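Visitor: Attaching a single structure in structure tokens format; questions to follow.
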Amino acid sequence: MAKRCDLSPVWAQLQAHYAASGRGFDIRQAFVADAGRFGALSFEAPEVFADLSKNRIDAATLALLLALARDCGLEARRDALLRGDPVNHTEGRAVLHTALRAPAGSGAPFNAEVQASLDAMLAFAESVRRGERGDITDVVHIGIGGSDLGPAMVVQALQAFGRRDLKLHFVSNVDGHDLAPVLAALAPKHTLFVIASKTFTTQETLANAQAAKAWFLAAGGTDIARHFVATSSNTAAAAAFGIDTAFGFWDWVGGRYSLWSVIGLPIAIAVGADNFRELLAGAHAMDQHFATAPLERNLPVLLGLVDVWYRNFHGFTSRSVAPYHQGLRRLPAYLQQLEMESNGKGVDLDGHALSLGTSPVVWGEAGTNGQHAYFQMLHQGTDVIPVEFIAVKRPNHGASGELAEKLADQHRKLLANCLAQSQALMQGKTATEALAEKAPTASATLDRDVLSRHRSFPGNRPSTTLVLDALTPRSLGALIALYEHRVFVTGALWGINSFDQWGVELGKALCNQLLPRLESGDTVGLDGSTAGLLTRLVVA
Ligand code: F6P
């Protein structure tokens, strides 16, 4: 029977454990006390190795967290998800993104429909790649949120698997500064537009699609049917828009879980059908791991449990993601939607207000760039922010000769930086250690003790490091699925619906009401601030 985790008796045991040893847990001492800590707290999942040993946990913490998961019926919740029960109860829907990556004949729900849809989408992608849809050199993908972030992130991450003669552009923002520069460099006859919207009602996407259509016709384009395709679960609306070729999908695919569906069309165009199938295979391998691995070795479960430990016991309100691979620079943005739109909820499944914290703020930047921006705060700021490092062992620069050697050396520098950051966060530096160092340039009158305090680091700052052997379609698929399941785990323990997003609706409705006022300048009935700002923004 599913239970909200703060209503479980194990919750009180965890609170007691936190008070007794969790609050004062010192990661450095834990390594001294246990030579086998790395081995005990590192885990293998398909395509992903995870080092959890630099976290404020030990065997006792994990045992209690696992007991919590069991007492809350996590396994039953997981099985209900994978079986296709309507776990998204506020929208009356199943949540079956896992079915999208189940192989043909696997017996997964909707397998025949999924395979037919996949085959049709991949056949189309290959026809574009072979030039059968005309001399297409540029694909403009128009979508937002889940209809943008996933495909955009994956295409960027798998750039090494793409083709130079086929460029993918992603336009999401209703701000015309997104679309205009993309169109400025294109010619209609060489351009294919993919309009991606699950609902086909999203203001931003429809506005950009209309603008793209107008540009296409004005710039001499003639064959809309050939140059515009849609990916949507509302193919009727796509047809009404004037698009003949629409790839449909189902309401049981959530927007932020949709890159595995026909929403992944730009990925398939960029990297080809075989690589798209590899992406699915990697995700499926992680699905199998999530479905079958004992909780003690189940990586999405373990990561989710540590998230609960930090969010609800330590009170950490954010988590930073630092992928040490330039191709993964959009991963933090993708994860923001995945985690914060899924788990940024304030009531439980029965509508009761929660008294525990839910989604942390998820944010980050590719390493090493982040080191020269916000890592200062991670090291010496007053808040503790767990960091998730992602390291990729083998690069794929596609270079040769001397450049390849130089880049191989740079890759070692990249990895050394990644390791050094988690080491520094954990180790810290005492004021005494700082004092013993040769004094750097500083004001001659500055007291050395004062300087040493500025130059000390508290340390004991937790981090997790995920390691991929290489960034491939398969490993990326597994990595994304790992995150999806981890988000499900925390949401299930918090007893929330991770699959709706009512919180975005109010702003959309108010926007529709304000829109005509931006033309008329009418401020009647508005609050003082909105009225004042609107008056300032109206162009006479
Ligand atoms: O506004 C939030 C949201 O509904 C997301 O959940 C979704 O991914 C995005 O908008 C785009 O929606 P659609 O694919 O229907 O255009």
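Visitor: Quick one: how many residues across segment 187-207 are within 9 Å of the ligand (Cβ to nearest atom) and surrounded by 17 or more Cβ atoms within 10 Å (Cβ to Cβ)?
Guide: Matching residues across segment 187-207 total 8.
Visitor: For the subset of segment 176-186 comprising residues that are open to solvent by less than 30 Å² (accessible area, probe 1.4 Å) and more than 16 Å from the ligand (Cβ to nearest atom), which member is farthest from the chain's Cα centre (by Cα)? Outline the logic, then answer.
Guide: In the first step, residues of segment 176-186 are kept if they are open to solvent by less than 30 Å² (accessible area, probe 1.4 Å); the result is 179, 182-183, 186.
Add one more test, that the residue is more than 16 Å from the ligand (Cβ to nearest atom), and what stays is 182-183, 186.
Values: Val182: 25, Leu183: 28, Leu186: 30 Å.
Within segment 176-186, the match that is farthest from the chain's Cα centre (by Cα) is Leu186.
Visitor: Out of segment 354-374, which residues are in a loop (DSSP other than H, G, I, E, B) and open to solvent by 50 Å² or more (accessible area, probe 1.4 Å)?
Guide: Scanning segment 354-374 gives Ser355, Glu365, Ala373.
Visitor: Got a sec? Which of Phe249, Phe241 is over 28 Å from the mean Cα position of the chain (by Cα), in contact (Cβ under 8 Å) with a residue 40 or more places away in the chain and within 14 Å of the ligand (Cβ to nearest atom)?
Guide: Values: Phe249 fails: over 28 Å from the mean Cα position of the chain (by Cα).
Being over 28 Å from the mean Cα position of the chain (by Cα), in contact (Cβ under 8 Å) with a residue 40 or more places away in the chain and within 14 Å of the ligand (Cβ to nearest atom) holds for just one of Phe249, Phe241, which is Phe241.
Visitor: Does segment 313-345 hold any residues that are open to solvent by 10 Å² or more (accessible area, probe 1.4 Å) and either modelled with pLDDT under 95 or in a strand (DSSP E or B) (or both), and which are they?
Guide: Ser318, Arg319
Visitor: So, in segment 498-540, of the ones that are away from the ligand (no atom under 16 Å from the Cβ) and of a type in the set (Val, Ile, Thr), which residue ends up nearest to Arg78 (Cα to Cα)? Walk me through it before giving the result.
Guide: Initial filter on segment 498-540 (away from the ligand (no atom under 16 Å from the Cβ)): 513-540.
Now drop any that are not of a type in the set (Val, Ile, Thr), which leaves 523-524, 530, 535, 538-539.
Numbers: Thr523: 50, Val524: 50, Thr530: 44, Thr535: 51, Val538: 51, Val539: 53 Å.
Ranking the qualifying residues of segment 498-540, first place goes to Thr530.
Visitor: Go through segment 439-540 and tell me which helices (runs of 4 or more DSSP H), entirely inside it, have 2 or more residues that are touching a Gly at 6+ places or on another chain (Cβ under 9 Å).
Guide: On the way: elements: 448-454, 473-494, 505-520, 528-537.
Answer list for segment 439-540: 473-494, 528-537.
Visitor: Filter segment 208-237 down to the residues that are within 11 Å of the ligand (Cβ to nearest atom) and among the hydroxyl-bearing types (Ser, Thr, Tyr) and list them by number.
Guide: Once the filter is applied, which keeps residues that are within 11 Å of the ligand (Cβ to nearest atom) and among the hydroxyl-bearing types (Ser, Thr, Tyr), segment 208-237 yields Thr231, Ser232, Ser233.
Visitor: Has segment 92-115 got any residue that is more than 25 Å from His284 (Cβ to Cβ) and either away from the ligand (no atom under 16 Å from the Cβ) or part of a helix (DSSP H, G or I) (or both)? Steps first, please.
Guide: Of segment 92-115, the ones more than 25 Å from His284 (Cβ to Cβ) are 92.
Next, only the ones that are either away from the ligand (no atom under 16 Å from the Cβ) or part of a helix (DSSP H, G or I) (or both) stay: 92.
Among the residues of segment 92-115, at least one is more than 25 Å from His284 (Cβ to Cβ) and either away from the ligand (no atom under 16 Å from the Cβ) or part of a helix (DSSP H, G or I) (or both), which makes the answer yes.
Visitor: Just to be sure I understand, how many residues within segment 151-160 are surrounded by fewer than 21 Cβ atoms within 10 Å (Cβ to Cβ) and not small (Gly, Ala, Ser)? Quick ask: steps written out before the conclusion?
Guide: So the first thing to find is which residues in segment 151-160 are surrounded by fewer than 21 Cβ atoms within 10 Å (Cβ to Cβ), and the list is 156, 159-160.
Then drop every residue that is not not small (Gly, Ala, Ser), which leaves 156, 159.
Residues meeting the conditions: 2.
Visitor: So, one more: When only residues in segment 132-150 that are open to solvent by less than 30 Å² (accessible area, probe 1.4 Å) and of a type in the set (Val, Ile, Thr) count, which is farthest from the ligand (Cβ to nearest atom)?
Guide: Ile136
Visitor: Would you please name the residue that is farthest from Arg163 (Cα to Cα), looking only at residues in segment 389-438 that are part of a helix (DSSP H, G or I) and among the charged types (D, E, K, R)?
Guide: In the first step, residues of segment 389-438 are kept if they are part of a helix (DSSP H, G or I); the result is 401-427, 431-436.
If we keep only those that are among the charged types (D, E, K, R) too, we end up with 402, 405-406, 409, 412-413, 433.
Working: Glu402: 23, Glu405: 23, Lys406: 24, Asp409: 26, Arg412: 27, Lys413: 28, Glu433: 52 Å.
For segment 389-438, the residue satisfying everything is Glu433.
Visitor: Restricting attention to helices (runs of 4 or more DSSP H) lying wholly within segment 208-311, give those where 3 or more residues are among the aliphatic types (A, V, I, L, M) and open to solvent by 10 Å² or more (accessible area, probe 1.4 Å). Walk me through it before giving the result.
Guide: Numbers: elements: 224-227, 235-241, 265-271, 273-292, 299-308.
Result: 235-241, 273-292.
The values are calculated or read from the model by the stated rules, or taken from the named source; none is laboratory data. Note that the structure is predicted; figures quoted are calculated from it, not measured. Please note: Cβ atoms are built from the backbone with ideal geometry, for glycine as well, and neighbour counts cover all protein chains shown. SASA here: full protein model, heavy atoms, side chains in, ligands and nucleic acids out. Shrake-Rupley method; radii C 1.70, N 1.55, O 1.52, S 1.80 Å.
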